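As structure tokens, the structure follows; a few thoughts come after it.
The values are calculated or read from the model by the stated rules, or taken from the named source; none is laboratory data. For clarity, every value in this text was computed on a predicted model and none was experimentally measured. Virtual Cβ from ideal backbone geometry, glycine too; neighbours counted across all protein chains shown. Please note that ligands, DNA and RNA were not included when accessible areas were found on the heavy atoms of the full protein model with its side chains. Shrake-Rupley method; radii C 1.70, N 1.55, O 1.52, S 1.80 Å.
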Amino acid sequence: VVVIVFVIFQVLFYKYQVLKVEKEIDFVGNSLAKKLEKDININSSVLISLGYNYYLDSKITKEKFNYLSRYYIKKYPNILYLQHKNKETITDMVYPLVGNEGTLGKSLKSRPEAAKSVEKAINTRTMSVNNPYELKFLDYKTIGLII
């Protein structure tokens, strides 16, 4: 009888530990999700502001693009780089250029997981956020979001 009670106690204790860890994981996951959502909203505001500049000057020069990008990246350091894409969605300008040269000439439409989202964003003139993925055309490896 003592052995059975001990085994039952061990099982209950184990279940308690599992529930405790699950709650901690949920808390961490929810905290990360809220932080990520906040960062996306902040970074979206940067892109809206850049978009307004493009609206005012549809033939934006590389110098003006670099000036604006430098300002926003300094103010929002979690933005790794900014790209300007032409009407065919091909990257024709990137800031900073050093380390990001591989992004030039690339289109999001060439990525099957992003093509539908990009088309929708173009057609509706709204922003889209892709699932996190490895940013491939950089000199370093990192996971990022494309907004």
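List of remarks:
- Screening E63 with (1) surrounded by 10 or more Cβ atoms within 10 Å (Cβ to Cβ); (2) part of a helix (DSSP H, G or I); (3) of a type outside the set (A, V, I, L, M, F, W, C); (4) at pLDDT 80 or above gives one miss only, at (1).
- Listed by first and then second residue, the pairs with beta-carbon distance under 9 Å, at least 6 apart or on different chains, first residue in segment 88-117 and farther than 23 Å from Y67 by Cα and assigned to a loop (DSSP other than H, G, I, E, B), second among the hydroxyl-bearing types (S, T, Y) and open to solvent by 30 Å² or more (accessible area, probe 1.4 Å), are R111/Y133.
- Candidate set: segment 86-118, residues that are modelled with pLDDT of 80 or more and acidic (D, E); chosen: the one most open to solvent (accessible area, probe 1.4 Å): E88
- Each residue in segment 32-60 was checked for being open to solvent by 30 Å² or more (accessible area, probe 1.4 Å) and farther than 20 Å from N86 by Cα, and 12 pass.
- Looking only at residues of segment 66-85 that are part of a helix (DSSP H, G or I) and open to solvent by 100 Å² or more (accessible area, probe 1.4 Å), we find that the one that is farthest from T103 (Cα to Cα) is K75.
- Condition check for M127 on (1) free of Cβ contacts under 8 Å to residues at least 40 places away in the same chain; (2) among the hydrophobic types (A, V, I, L, M, F, W, C); (3) surrounded by 11 or more Cβ atoms within 10 Å (Cβ to Cβ); (4) assigned to a loop (DSSP other than H, G, I, E, B): one failure, at (1).
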